[in-house]
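What follows is a single structure, written as structure tokens, with notes after it.
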Amino acid sequence: MNPYEASERLQGRFHCTPILTCGALDAWAGRSLALKCENFQKAGSFKIRGASNALSKLPSGTQHVITASSGNYGQALALAARDARMQCTVVVPSDAPAVKMAAMRGYGATLVLCEPTLAGRASTLAEQVDATGATWLPSFDHPDVIEGQGTVAVELLQQVPGLDAIVAPIGGGGLIGGIALACRDTGVRVFAGEPFGADDAWRSKDSGVRVEEPNPKTVAGGLLVSIGEHNWPILRDHVEAVIRVTEEEILEAMKLCWERAKLVIEPSSAVALAAARKLPTECEDVGVVLSGGNVDLGKLPF
């Protein structure tokens, strides 16, 4: 997995998102923050990077891809598939936000609803793969997806030389895994932010054994998954620490970012921002990956 090769290969497939700064956030965090704005990315999150990379590596002649998603990855894969002139099917929990279902359909995906449980998702996905012959592309537990997500750090390191650290949210581990691979041999420290209510990555890192969270509870809906099998060794070996944050800290960071930086970010992005405040004091210049901005405005948490 080489995010630098992916970055070269995928030129023009997604935006090189901007870096923004905010003095109020710097004062709040007690350090200088470079905000990598993936909330401005195509389909509203970093997920288009991994989806585009995975599609680019499929065998020639692949016509149909399928995944299971309640939001960001489904939107990203649908858009990437449309651009590649492929069909896309997304298995979606029946309780997924209507705004995200509409976005997936808008990008050309066929949606198949399933029961809002892990078992329901898995069984419906298997049925659809058998019925359609589509190629399954998981949202994070796949080497090509991890590699593609790492392009965010390739850009960030070029845009802001001299960073002490990068922090990003962790759910399944595709984003933080790609970032960690891109930062190898650079001297830049890599940290993951995670909610206390979905802290399987922290517990895995602490114990040295991958564990799962059967009942995650957090406002950060994009992080309601456990660390993947391909992602775990990267977390174990190349991410310095997982920093846990409370629900109150997530909402404080999200609200402050909206009010002071004028950036609409989703709760998962706010996890990274909240974690940046808890980094070691010697991390003075920090890149914060604002992973996405797909907010259901009908269900604001504050």
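Derivation of every value follows stated rules applied to the coordinates shown; laboratory data play no part. Every value quoted in this text rests on a predicted model; they were computed, and no experiment measured them. Heads up, the Cβs are rebuilt from the backbone with ideal geometry, glycines too, and the neighbour counts pull from every protein chain shown.
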Fewest-first ranking of Lys217, Lys255, using other Cβ atoms within 10 Å as the exposure measure: Lys217, Lys255
Fluctuation leader among Gly12, Gly23, Gly71 - the chain, Gaussian network, Cα springs under 10 angstrom: Gly12
Burial ordering of Arg85, Arg9, fewest other beta-carbon atoms within 10 Å first: Arg85, Arg9
FRET efficiency, 1/(1 + (r/R0)^6) with R0 22 Å, evaluated for Leu300 and Asp26 via beta carbons: 0.30
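I'm checking a number: the convex hull volume of the Cα atoms of the range 47-136, normalised per residue, in Å³. What is it?
Values: hull volume 7.0 nm³, N = 90.
Dividing the Cα hull volume of the range 47-136 by its residue count gives 78 Å³.
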Residues with amide H under 5 Å from that of Val112, placed H, sequence gap 5 or more: Val90, Val91, Val92
Given Lys217/Lys278; Lys36/Lys100; Lys57/Lys278; Lys47/Lys205, the pairs whose alpha carbons are separated by over 29 Å: Lys57/Lys278
Equivalent ellipsoid, the chain (semi-axes from 5 times Cα gyration tensor eigenvalues, Å): 29, 21, 19
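If you count the DSSP beta bridges with both ends in the chain, what percent of them are antiparallel, to the nearest 5? Don't skip to the end; give the middle numbers.
Details: 3 of 34 bridges.
Just about 10 percent of them are antiparallel.
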Extended-chain gain in nm, criterion 0.36 nm per residue less alpha-carbon gap, Asp95 and Thr281: 62.8 nm
Gap separating the Cα centres of the range 208-273 and the range 105-154, nearest whole Å: 21 Å
Cα long-axis angle, helix 47-56 against the chain (0 to 90 degrees, to the nearest 10): 50 degrees
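Report for the range 2-154 the percent antiparallel among DSSP-assigned beta bridges with both residues inside it, nearest 5. List each step's numbers first, then the result.
Numbers: 2 of 14 bridges.
Once the DSSP bridges in the range 2-154 are tallied, antiparallel ones form about 15 percent.
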For the chain, built as a Gaussian network whose Cα springs stay under 10 Å, the top-fluctuating residue of Gly228, Gly173, Gly148: Gly228
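With only Lys, Arg, Asp and Glu charged, each at its Cβ (+1 for the first two, -1 for the last two), find how big the charge dipole of the chain is about the Cα centre; round to the nearest 20 debye.
Details: 27 positive and 34 negative charges, 144 e Å.
It works out to roughly 700 debye.
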